[in-house]
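Below is one structure, written out as structure tokens, with a few remarks after it.
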Amino acid sequence: MAPPTVFGMGGQAVRWTAEQVRALAPDDASRRAGSKLSAPGPWTEAGWGNGALWGQCKGSGSKPYQTVVDLDGGQGPGYRCSCPSRKFPCKHALGLLLLWAGGEAVVAEGGDPPEWADGWLGDRRRRAERKAARGPAGAPEGTNAGQAAAGTGNGADERARAEAAHRRAAQRAERITAGTQELEQRLADLLRGGLAGAEQRGYAPWEEMAARMVDAQAPGLAARIRELGAIPGSGEGWPGRLLAECALLHLLAVGWRRAAELPAPLADTVRTRVGLTLEAADLLSDKQALVRDKWLVLAQRDADEGRLTVRRVWLYGRSAGRHALLLSYGAGGRAPELALPVGAALDAELAYYPGSGSLRAALGPRYGAPLPGFQPPGTGVREALEGYARMLREDPWAEGRPCVLERVVPVPPSDAGTAGGTAGASRGGAGPGAAGWHLAAADEEVALPVAPGTGAAALWRLLALSAEGPVTVFGECGHRGFAPHTAWHQGRVVPL
Amino acid sequence: MTVGTGTGRHPREAQPSNGGAREEQEDHGHVEYREDREKRGNHEEREDRGNRKEREEQEGWGELVAAALLGAERRRPPGGSVTALLDAAATETVRRRAGARPAVPGQRPAHAPADGRPPLPGAAERRLAALLADRAPGGAGAASGRRGAGPDLGELLPQWLAEANAHGYRAPTALLPALLDAARARTDLRAETLAFAGPRALWLARYNADWKFALRDGVRRRAPDGRPDETEKVWQEGLFAERVALLTAVRRRDPDAATALLASTWQTERAEDRLMFLDSLREGLRLSDEPFLERALADRSRTVRATAAELLTALPGSALAARMADRARGCVTPDRTGGSGGIAVTAPSACDADMQRDGIAPKPPSGRGERAWWLGQLVEAAPLEVWGEQLGGATPAEIIALPVADGWRDDLHAAWCGAAVRQRNAPWARALIGEPTDPFAEGPGDPAKLLSVLPEEERGAWAARFVAAHGLSEAFRVLGMCGVPWPLPLGRAVVDALEIARDAGSYPWSFSGVMGLAERCLDPSDTERLAPLAAVPDEKEGESPGAGAYWAESFQRLLATLRLRSVMLAELRNEVPDSGPELPAPNG
């Protein structure tokens, strides 16, 4: 076999792999466009060194595009390109990274960045340093009243700002309270009339109710309500699912109303679920709360939620043995900015948000470029279910809990080989792909159903991997089953 | 749980180590997990009790759902109010979610067969993933319009597969689905892809109806050393494709056994099946097949008869070939009248029943005379060895040079070309194809077909001189006949011709076919010689606008593809360091 990757001093990775680069692509189209540009043909003046990568790419115009990648700025990789694309990173940055990952000689090693690259690189790094030095960023937004630590500003001005923030927070809490009262009322009305009518009424009433919650500044409630619209059309058993979700909304509304009676962590969870979140900067400004670890990037998934693209990145801390979930948003068709290479590990600090099962976190400074990853320790099927149950105690609204299943075997539905189409997609009610699939423990007669919505490609890849024996899978274990995201296979990571 | 909505005790608050509490925890079934549970057969008494309790709870939830569906206006809900109903439903929902128990798995997949081949080098594995990803639906392949300066990855897959199979590598399991999809989409790649994918792909294909084709086409690699009774069983009971595969496999191992197998059921086969089976005898055709083929000449189906006759004519020692030789000798004779020493042709005046039985089609295609049509078929089916003796002991080249009386030359030469290809007769093909520098329009035969009969080195040399003399406009099929990679002289001739075409002011897409071939077939070792061509030249007077830039782009793609091929082959030879992340061993 080939020699292992050589890592330079200070943990600086020499080159990324093509897979790591591809994981950064905002979407499939960019990934393909990037691969097309990963040949030396269009590139000139390309080079790398000093933690950066640059090159000029001949496009259709007369002037070549100038592409720069900052490989290990304190805030993770950064990209700049003179092309008009709104994708981030753009195909030129991806192509250049792939070219470099492939070890093409056209990317000269060890030079200094040319002037057109250096300006931006310098600015970016200075900004990162300033940010790191500055600590708490300005006045905290009025979110969690009282929790935001006042900065080290000067007296009266600072106090006035804090008071104003306090006032805004109190106003928002009032609006939310009014919103939850309205929500409780509407849920009660719904049950008075009966759910049976919901099938005919369609999405509109839910959209309207969601809009009311947006007005009430409770985006968490709005998002949950919007999801309800799809349930009546989701096939057999929908009344049960709709009742369950309505009941959980009701629970959340009551929780908000009576938050003062709740233990602090549960009250935090309620606030978060309603839609009050702390600013990441505030969270990270508390040096005591930062957790430094080697964080393994377990998986990255994008989902469209309304006009937003929500990217979820799951991490696992090697020393603490703890999971973390990072969220990043992209508006208006843009890819979320946060992109981490699945399977690699980051030496980084992060801070957990309060509540919600202590899972969501904000990523703080990183130290060096991504390191080679490792295979995370796993658990069995029973432990996975128990873990989810424990999580529900802290956050009854949790849909699932991240966990690594060890030594499991994918079991296709018994009719998989005969039914037309792929993975029994024709079976109603369970979304495309996953109907009837299970992940069974290799050594015991227990299994988890695969969550609906899991893509057929992921399932088949998982089954193919199991040709060489039981597999280790990372995913979310929840009430709808297990949603697989990543597998490990002979020490190598396989995104599903 | 302290949110004040219900009275339900959270199950996980019980001490997990307590046996009784544990039992109770397990009683909170969850609907989705439970379905499978009920299929389980062997229950102990405790389990029965659990089931009963579970059922009761299921009914409790069902009651809540029924009340919610109906609405409090119609019936008083459990608990007396909608708020109580929502409280109870919330408690019940969380309780059911927390109490979910493992499902019982259904039939597990059978153990996958072992694959003893060595694994791919890491870099080669990543390359394969990239090639397959490019092929995926909506990929950057030919479908996405104008080709840029980058290589067309999908087109490199055949070469990669052939090379990997030559090395005898095992396919990485994670890529088996993509390989099966590729084999499904491209039938031309199917055999090579399935050979590489190996036994585990067949195992995987059993679970997905989309990959059923692999089970049929894969038989080829499973049956060859099958036991006789197994062979008989598949032959008697198998699907058509399985039987074709079986016949081909047996044919490779023991040609006569295959003919015997076919003869055993011949009478009962359908006409279109007979035709396909007969066609599979083409490979490894031998004189001992003659009796069977002779019988097939009397087949009920006209197409079966014609195919049997065609196969017999490819056997120069067959009785049919001898009959054809007799007939042909009667038609083509030395010209004794003019004293020129040429050839006289007397085309047959009728197509009798015996001729028809030997596969001569009586009815000509429109626009051709009957007699010329019959003559052509006769000469094409007659063994070429006849002519030396018949026309005075001359060599093929001498015979072809002879004048032919009464304007029959083109008909006669075209028939000889057909015969040379059918009988794979290299001396005749060589003589008929002529010098590559000859004016192109002259010859009656198809040079590409004749070329296919010649040995590989000769093909390359001939094609090189052909391209040098005629340029590229007619070269596509000729080039397609040459072995890959192209010999250096051929490669240089093609590149020179491309350069000439560019300088003549044409656009590169007029040569996109040849360009594509060159990307796949040029020897990568000659790459750097081409580098200067990739520069964008200054626009010249009278040149097609923008042509220079397009040519530069085409040459850039050519270069990029060649470099990629060279890297790709080095990766498969494990000469490229693996730059992938090295991970500690599992649990290590």
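A few remarks follow.
- Filtered residues of region A:228-259 (kept if more than 7 Å from chain B (Cβ to nearest Cβ), in contact with a Lys or Arg (Cβ under 9 Å, 6 or more places away or on another chain) and assigned to a helix (DSSP H, G or I)): A:231, A:232, A:245, A:249, A:252, A:256, A:259
- Test for residue B:86: is it touching a His at 6+ places or on another chain (Cβ under 9 Å) and buried (at least 21 other Cβ atoms within 10 Å of the Cβ): yes
- Flag: residue A:254 matches the condition of being modelled with pLDDT of 90 or more and more than 15 Å from residue A:353 (Cβ to Cβ).
- Hits in region B:150-179 - residues which are surrounded by 18 or more Cβ atoms within 10 Å (Cβ to Cβ) and small (Gly, Ala, Ser): B:150, B:154, B:164, B:171, B:174, B:178
- Subset tally (residues that are within 14 Å of residue B:208 (Cα to Cα) and either surrounded by fewer than 19 Cβ atoms within 10 Å (Cβ to Cβ) or facing chain B (nearest Cβ under 10 Å) (or both)) for region A:432-454: 2
- Test: residue in region B:363-374 that is touching a Gly at 6+ places or on another chain (Cβ under 9 Å) and buried (at least 20 other Cβ atoms within 10 Å of the Cβ): no
- Residue in region B:171-181 that is in the same structural domain as residue B:126 (by TED's automatic domain parsing), out of contact with any Asp or Glu (no Cβ under 9 Å at 6 or more places or on another chain) and not in a helix (DSSP H, G or I) present: no
- The number of residues in region A:204-255 being of a type in the set (S, T, N, Q) and over 12 Å from residue A:179 (Cα atoms) comes to 1.
Conditions tested, residue by residue: (1) assigned to a helix (DSSP H, G or I); (2) of a type in the set (A, V, I, L, M, F, W, C).
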position: B:288; (1), (2): yes, no
position: B:291; (1), (2): yes, no
position: B:299; (1), (2): no, no
position: B:307; (1), (2): yes, no
position: B:312; (1), (2): yes, yes
position: B:317; (1), (2): no, no
position: B:320; (1), (2): yes, yes
position: B:323; (1), (2): yes, no
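- Of all residues in region A:470-496 being at the interface with chain B (Cβ under 9 Å from one of its Cβ atoms) and assigned to a loop (DSSP other than H, G, I, E, B), the one that is nearest to residue B:180 (Cα to Cα): A:490
- Residue in region B:271-283 that is outside any helix (DSSP H, G or I), surrounded by 18 or more Cβ atoms within 10 Å (Cβ to Cβ) and touching an Asp or Glu at 6+ places or on another chain (Cβ under 8 Å) present: yes
- As a summary of the residue check, residue A:47 satisfies the conditions (1) within 11 Å of another protein chain (Cβ to nearest Cβ); (2) modelled with pLDDT of 75 or more except for the one numbered (1).
- Residue B:419 vs. criteria surrounded by 15 or more Cβ atoms within 10 Å (Cβ to Cβ) and over 28 Å from residue B:491 (Cα atoms): yes
- Among the residues of region B:67-111, those identified as more than 7 Å from every other protein chain (Cβ to nearest Cβ) and in a helix (DSSP H, G or I) are B:67, B:84, B:87, B:88, B:91, B:92, B:95, B:96.
One line per residue, one yes/no per condition, for (1) more than 30 Å from residue B:423 (Cα to Cα); (2) modelled with pLDDT under 85:
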| residue | (1), (2) |
| --- | --- |
| B:216 | yes, yes |
| B:233 | yes, yes |
| B:246 | no, yes |
| B:256 | no, no |
| B:264 | no, no |
| B:299 | no, no |
| B:304 | no, no |
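The values are calculated or read from the model by the stated rules, or taken from the named source; none is laboratory data. On a predicted model such as this, the values are computed, not experimentally measured, just so you know. Ideal geometry is used to build each Cβ from the backbone, glycine not excepted, and the neighbour counts take in all protein chains shown.
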